[in-house]
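Here the structure comes first, spelled out in structure tokens, and everything after it is commentary.
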Amino acid sequence: MKLTPLEKASIIDVLLKSLVEPDVAICRLWAEEVESRIDGFESGEIKSIPLDEFFERN
């Protein structure tokens, strides 16, 4: 299949936009996850550990 220069440019445009433009749905999910973790930490439901201890465990 041989593509025209315009078709090639269109494909390149789509690929570049996929690298630069964030996925709104994914960003929303991450924001919800972050808020949930902050709420859990502030309520005492989630405990923190020192960074050194984390690296020792992993």
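For the range 1-32, the set of residues classified as of a type in the set (Gly, Ala, Ser) and at pLDDT 90 or above consists of Ala9, Ser10, Ala25, Ala31, listed by residue number.
Conditions tested, residue by residue: (1) loosely packed, with under 10 Cβ neighbours inside 10 Å; (2) under 18 Å from the mean Cα position of the chain (by Cα).
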{"residue": "Lys2", "(1), (2)": "yes, no"}
{"residue": "Glu7", "(1), (2)": "no, no"}
{"residue": "Ile11", "(1), (2)": "no, no"}
{"residue": "Glu21", "(1), (2)": "yes, yes"}
{"residue": "Ile26", "(1), (2)": "yes, yes"}
{"residue": "Val34", "(1), (2)": "no, yes"}
{"residue": "Gly40", "(1), (2)": "no, no"}
{"residue": "Leu51", "(1), (2)": "yes, no"}
{"residue": "Glu56", "(1), (2)": "yes, no"}
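The values are calculated or read from the model by the stated rules, or taken from the named source; none is laboratory data. Everything numeric here is computed off the predicted structure, so don't read it as measured data. Reconstructed Cβ throughout: ideal geometry from the backbone, glycine too, with neighbour counts over all protein chains shown.
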